[in-house]
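As structure tokens, the structure follows; a few thoughts come after it.
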Amino acid sequence: MKETPLSNCERRFLLRAIEEKKRLDGRQTYDYRNIRISFGTDYGCCIVELGKTRVLGQVSCELVSPKLNRATEGILFFNLELSQMAAPAFEPGRQSDLLVKLNRLLERCLRNSKCIDTESLCVVAGEKVWQIRVDLHLLNHDGNIIDAASIAAIVALCHFRRPDVSVQGEEVTLYTPEERDPVPLSIHHMPICISFAFFQQGTYLLVDPNEREERVMDGLLVIAMNKHREICTIQSSGGIMLLKDQVLRCSKIAGVKVAEITDLIQKALENDQKVRKEGGKFGFAESIANQRITAFKMEKASVDTSNIEEKAEEIIAEAEPPPEVVSKPVLWTPGTAQIGDGIENSWGDLEDSEKEEEEGGIDEAVILDDTKMDTGGVSDIGNQGAPIVLSDSEEEEMIILEPDKNPKKIRAQTTNAKEKAPSKSQVKRRKKKRTAN
């Protein structure tokens, strides 16, 4: 997967900010990003964070046969891997030009500078020597890989301990860490790479460029130096022409940065060694800040409980007394009550649907009275003691009872309050029956 190219607007914005001596992360021109070093549980394992660029370093060793032309020297091997976990632009299983260039620069910086005493790695001349392998894995890419990788490599080598051995005749005995304490490597000096990015054909200079600044730079100058101001290697890429004064200025800046980084590495190694001797907790789990794991963790607040009674009395004295008057209940309708202020109680009010039902019931009663007057003659002709059924409708039944000559009474039973009154056709049928009788 190819990396997403920068747009013209982003490119112009970055270049204009550099011309005004401003950077996206707020640093100055010669400022270095914060460096954080974490050690693992085993010796020779560390993680170096340069800003957001993270590199994992791991050192291992084994007994092998030496090279023919160097029978009394050990072997150093460096390997840097760029995985897709660091950036999607890195392709797995393929060595890119960037990876080859970084590996060669690391070998020149650490192996050719003779920072490690390779002769101390010899066990039996011509037969057995120690092979030290340094594996570097880029965990996150945010620019300036070579600086972070060189710091991780030298820190891992300084932190590493190889097993102790003894030679009796032709027999070589290898001791475990429980039997004998491991032996640290013999390191003469600590070379560290410092990168300088040039813009506008060398007009502007930045130290420790990040990933976006690397995309718009014209050239890169890498100087590997130790704290004694000895230049171990120097490399220029990008095809720009640098003047002698520019290189000298970069070397002076590199000397200051290397001295600061070397002091930081030594302090980190001393702190780790002190914790291990005291038997305290160490490793990556202890080096991670609590704020990263528990983002919502609150800091501990000290509570003074010596004068609780006095403070409680002061709080009670300053507090406002509760109101003595208790509000009386309000009776809106029978069976309901309201205490205190609130919304108006509508329990006693009728809803719209109930009002419509009541109005409908009144209309039905009027219609039933009219039908009673029309059917008065029929009741006189029939038997005066027996009820007369006026309609066989399932919806409505009307029964007229005349036990005496008292005024007629009508009792209507309806299945539903919303049913309609008898239709005109039913009334006509009743009139026909009356005339026929």
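The values are calculated or read from the model by the stated rules, or taken from the named source; none is laboratory data. Just so you know, these numbers come straight off a predicted model, no measurement behind them. Note that each Cβ is placed from the backbone with ideal geometry, even for glycine, and that neighbours are counted across all protein chains shown.
A few remarks follow.
- Enumerated helices (runs of 4 or more DSSP H) restricted to region 219-315, each holding at least 2 residues that are at pLDDT 85 or above and out of contact with any Phe, Trp or Tyr (no Cβ under 6 Å at 6 or more places or on another chain): 244-278
- Test result for N140, in contact (Cβ under 8 Å) with a residue 40 or more places away in the chain, within 34 Å of the chain's Cα centre (by Cα) and surrounded by fewer than 19 Cβ atoms within 10 Å (Cβ to Cβ): yes
- Within region 36-49, the set of residues being touching a strand residue (DSSP E or B) at 6+ places or on another chain (Cβ under 6 Å) and not hydroxyl-bearing (S, T, Y) comprises R36, I37, F39, G44, C45, C46, I47, V48, E49.
- Region 61-108: number of residues that are within 30 Å of E127 (Cβ to Cβ) and not charged (D, E, K, R): 17
- Residue match in region 170-185 (condition: surrounded by 21 or more Cβ atoms within 10 Å (Cβ to Cβ) and of a type in the set (F, W, Y)): no
- Test result for R23, basic (K, R) and either modelled with pLDDT under 85 or surrounded by 14 or more Cβ atoms within 10 Å (Cβ to Cβ) (or both): yes
- Residue within region 90-110 that is β-branched (V, I, T) and closer than 26 Å to D208 by Cβ present: yes
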